[in-house]
Amino acid sequence: MVERASLPIGLWGAMGLLATLLFMQQVGLQWPAASAGPTGLGQVIFFYSVLPRAAVALLAGAALALAGLLLQRILRNPLAEPSTLGISAGAQLAMATATIHAPLLMEYSPGLVAFVGGIAAVALILSLTWRRGLEPVSVVLAGMMVALTANAASAALILANGEYLFSLFIWGGGSLVQQSWYPALTIAWRLVFGFAAAVLLLRPLAILGLDDASARNLGVSLHATRFLIIALAVWMATTVAAEIGIIGFVGLAAPALAALSGARSLKQKLVAAPVIGAILLWLTDGLVQLASGPGGERIPTGAATALLGGPLLLWLLPRLRMFEWPSLAASTSSGRRVSRPWVLVILIGIGALVAAVVGLLVGKGPAGWSIASGTVMTDLAQWRAPRIAVAAAAGGLLGAAGVVIQRVTSNPLASPEVLGVGTGAGAGLAAVLLLAGMPGLAWQLTGSAIGALAVLAAILILGARGNLGPERLLFAGIALNALCSAVLTAVIALGNVQSYVLLRWLSGSTSEAGAVHALVGFAALLVLSTPLLVLGRWLEVLPLGDATARALGLPVRAARTTLVVIAALASAFAAMFVGPLSFIGLIAPHLARLLGLGRARQHLVGSILLGALLMIVSDWLSRMAAFPYQLPVGLFASLLGGPYLIYLLGKGVQRHG
Amino acid sequence: MKPASSDQILYDIESASFIAGGRTILEPLDLELAPARIYGLVGANGSGKTTLIKLLAYQQKPAAGAIRLLGRSIDSYGDRELARCVAYMPQFTPPAESMTVRELVGLGRFPWHGTLGRFSADDAARVEIALSQTDLLVLADRLVDSLSGGERQRAWLAMMLAQDTRCLLLDEPTSALDIAHQVDVLALVRDLSRERGIGVIVVLHDVNMAARYCDEIIALRSGRMVARGTPEEILHPDMLDRIYGIAMGVTPHPVTGAPISYVA
């Protein structure tokens, strides 16, 4: 469907003109000062800031568009691009790590560090999804997981090293402010090289757009060419990342928009996509400069592109032509059921209690491992107990939300984290922080809940209107994830007190949890899971699809709305305590099912208890792993959960051959 | 629900039409369907078969016109009330993830016990009856997803039987099955219809299959009903040309003598 030219080429002319006008306005502002004298500061600003900034915007836009086009072609994945494949996040993490542990290397060549990070991220994703034949959904999901985990790790590094690294986060937002021509030149010659290589590889590229078998038939040495082109794309993307930061969505949008504008052949796209990418980024940057006040820019350009790109991706979804891979929907059912499910549920509950007691008593001290008892225990308990309680409540809430979301969308890969509900809660929290400065817990929770609800509602409405299958629903979630992350990045880039609150939230730390949090968490768990248990039959029927549910006389709309509101609230509460990225909402329902809990109510209770258990273990590990430092529990949980997601994806293909 | 008298009209469709995205999918249609008979809906792809059966199942509302079920406008039924009269199987049955056959069939009782009602002994008994009528008792504790295509289709049929309705609406129940299982499923539908006196409206791709198992065939083309009649009336070269738009011939079955169509 994309092949139809639905965007006139004139539009790009108009947008290019608008960008030029914005640039001319900047020139108009700076020129009087620049022309005043040959050696004045105005001239320096004009020649070393205004002009290179425009050049960087154009070049980076083109380079990202070309990288996106190559990746999309080579992976046959219309959603591949540097940010969805975790390349940018990998580069960021590598640079943050290098800044702390190898400052000399960073001094020597930040581009190299970024390239290593980016290529490591891609290598990880490709090796994880190799067994599924690099199927697009798996690749993008793996990319999202790597990106989220890398982001959380970066956030943790920044938190641990304070001001020292804070500039990195501002860099992460992709600011185009320039002080010299060096970045522009660096990007320029990569772009020239990349373009030349792409032109030389035109024929193999065209053939690689077909499926593997046909490509091999036509005599293309698949893997060598593939890896070469991927490395080329990563090189261009990480150069941009190293020079100016993370600019999301240009690599995604430009090739898609080129196709929508009528570029059919690869040759046409090779020209059109970089041009469109350049115009897009230049225009965005122009708008960002226009919006900036005297106190500097409000939002980094990279965050702004994500703000524009997220909705664009959502709009594109129903229009994209995709290779249809065997559906993931039926891929994850477990083959067994236990004969006495409630006994198993009770056992899991006991397991959670034991974990909580161990977490309370066993710990590492300056003198090594010890089991607390007596007065030591009562002293320690007031620190440890609230943390454990909050972690358990959050895990339980995520487990419940995961079961509901998976059953309502009949999608085994859906979860609060994957669908962006967690980051939505973060965006809501950010909004409340911006409006109210330092709001209380109640206001923070309200904001999170509204954000989570908005995201989940948007996804379900999109899913219903665009008739999105399970795969595209996940893409919608990824788009919303990116959108909300952009809001977060923009607010964090402000660099004030609220930024620290959000950064802490992003990394998922429970270290400040108190008795109030524990109480609120458990109250929420109780209040939200009770109606779910009562409405267990809805959860039983809805996975069979709307048609069946309606045919059985279920009030589908009312049921969905009720359940979705409950799931959103549960995710919001959980995200409030442990951040957006734990993946517990994905794993707990699966584990419950793997253990043989199939019916809705058993599945729900089992998942809540497993979520709590996993979270308690993560909390304990996060306290012990780097003692005396405490790592964020959310990060730990995602390190447990991420690989499981990949395992699930890998399993699917074997079942379906 | 009191059983209605057997001579009551099952469906009375009065100039019902359906429009999607500005395109008329189903032209205004008048049709009366009697109870306890098997109707086969045939026609080429995009002829409006699925739309018609979705209208009958109230999965979609007609753009204009009226549909009466057992003498009452279909709008006037409540969700569960309708589900106690009509059971519908969509064209693609979704995966019933980690659900046993008995549990799936048990869901057919939802219209009777509702969200909070108790799953009574009567409910359990009807599930067992449905399982035995579909020959699934041996497989009752297997996971639905571990069954073969034909067995899975039988499990869904059993769920519809447990719903205990006057009418079954089946949208291409045999599309994913090999020929042996197609015969299996359709023979089962026919036997059940005879045994329980249920009306069946079934969308079928294969006009020969329709002729073999249906009492009456309704043919659609481009959203219009182009033919309606007994299998003998429909299986006629002129008729088939009107339905499918290609030249087809008819020959008697070598054993039964019933007409069989073939592409000329």
query: Limited to segment A:577-597, what total is found for residues that are part of a loop (DSSP other than H, G, I, E, B) and surrounded by fewer than 24 Cβ atoms within 10 Å (Cβ to Cβ)?
result: 2
Selection count where residues are without any contact (Cβ under 8 Å) to a residue 12 or more places away in the chain and within 14 Å of chain B (Cβ to nearest Cβ), scope segment A:557-575: 2
- request: Can you work out which of the residues in segment A:439-459 that are more than 13 Å from residue A:424 (Cβ to Cβ) and surrounded by fewer than 19 Cβ atoms within 10 Å (Cβ to Cβ) is modelled with the lowest pLDDT?
  value: A:439
- prompt: Only one of A:462, A:468 is within 18 Å of residue A:140 (Cβ to Cβ), outside any helix (DSSP H, G or I) and modelled with pLDDT under 80; which?
  reply: A:468
task: Can you work out which of the residues in segment A:519-539 that are free of Cβ contacts under 8 Å to residues at least 12 places away in the same chain and within 14 Å of another protein chain (Cβ to nearest Cβ) is farthest from residue B:107 (Cα to Cα)?
output: A:530
message: Every residue in segment A:348-368 that is among the aliphatic types (A, V, I, L, M) and either loosely packed, with under 14 Cβ neighbours inside 10 Å or not in a helix (DSSP H, G or I) (or both), please.
response: A:350, A:354, A:357, A:362, A:367
statement: Within segment B:71-124, residues of a type in the set (Ser, Thr, Tyr), at the interface with chain A (Cβ under 7 Å from one of its Cβ atoms) and over 24 Å from residue A:341 (Cα atoms) come out as B:88
- request: Consider only pairs whose beta carbons are under 7 Å apart and that are at least six residues apart or on different chains; among these, list those whose first residue lies in segment A:404-430 and is within 10 Å of residue A:456 (Cβ to Cβ) and within 14 Å of another protein chain (Cβ to nearest Cβ) and whose second residue is in a loop (DSSP other than H, G, I, E, B) and acidic (Asp, Glu).
  value: none
message: Restricting to segment B:55-68, name every residue that is surrounded by fewer than 23 Cβ atoms within 10 Å (Cβ to Cβ) and either aliphatic (A, V, I, L, M) or within 11 Å of chain A (Cβ to nearest Cβ) (or both).
response: B:58, B:59, B:60, B:63, B:64, B:66, B:67
task: Please indicate, with yes or no, whether at least one residue in segment B:21-38 is within 14 Å of another protein chain (Cβ to nearest Cβ) and over 20 Å from residue B:199 (Cβ atoms).
output: yes
task: Please go through segment B:78-122 and pick out each residue that is part of a loop (DSSP other than H, G, I, E, B), modelled with pLDDT of 90 or more and in contact with a strand residue (DSSP E or B) (Cβ under 7 Å, 6 or more places away or on another chain).
output: B:85
query: Taking the condition modelled with pLDDT of 90 or more, buried (at least 22 other Cβ atoms within 10 Å of the Cβ) and at negative phi, does residue B:235 pass?
result: no
- request: Can you confirm whether segment A:620-634 contains a residue that is of a type outside the set (Gly, Ala, Ser), farther than 14 Å from residue A:388 by Cα and surrounded by 23 or more Cβ atoms within 10 Å (Cβ to Cβ)?
  value: yes
- request: Look at residue A:313 and say whether it is at pLDDT 75 or above and among the aliphatic types (A, V, I, L, M).
  value: no
field: Residues of segment A:576-598 that turn out to be within 14 Å of another protein chain (Cβ to nearest Cβ) and not aliphatic (A, V, I, L, M), as a count
entry: 5
- request: Tally the residues that are surrounded by 11 or more Cβ atoms within 10 Å (Cβ to Cβ) and polar (S, T, N, Q), restricting the search to segment B:238-264.
  value: 1
- request: Might you check whether a residue that is closer than 30 Å to residue A:159 by Cβ, polar (S, T, N, Q) and outside any helix (DSSP H, G or I) occurs anywhere in segment A:511-526?
  value: yes
- request: State the number of residues belonging to segment A:540-556 that are more than 7 Å from chain B (Cβ to nearest Cβ) and either part of a loop (DSSP other than H, G, I, E, B) or within 18 Å of residue B:95 (Cβ to Cβ) (or both).
  value: 3
- prompt: Assuming residue B:135 fulfils every condition listed in (1) on the phi > 0 side of the Ramachandran plot; (2) within 14 Å of chain A (Cβ to nearest Cβ); (3) not small (Gly, Ala, Ser) apart from one, which condition is it?
  reply: (2)
task: With respect to residue B:151, determine if the residue is at the interface with chain A (Cβ under 8 Å from one of its Cβ atoms), surrounded by fewer than 21 Cβ atoms within 10 Å (Cβ to Cβ) and part of a helix (DSSP H, G or I).
output: no
message: For the list (1) in contact with a Leu (Cβ under 8 Å, 6 or more places away or on another chain); (2) on the phi < 0 side of the Ramachandran plot, I need the number of the one condition that residue B:31 fails.
response: (1)
statement: Counting only residues that are buried (at least 20 other Cβ atoms within 10 Å of the Cβ), more than 13 Å from residue A:158 (Cα to Cα) and β-branched (Val, Ile, Thr), segment A:92-118 contains a total of 1
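The values are calculated or read from the model by the stated rules, or taken from the named source; none is laboratory data. None of these values were measured; they are calculated from a predicted model. Neighbour counts run over all protein chains shown; Cβ positions are idealised from the backbone, glycine included.
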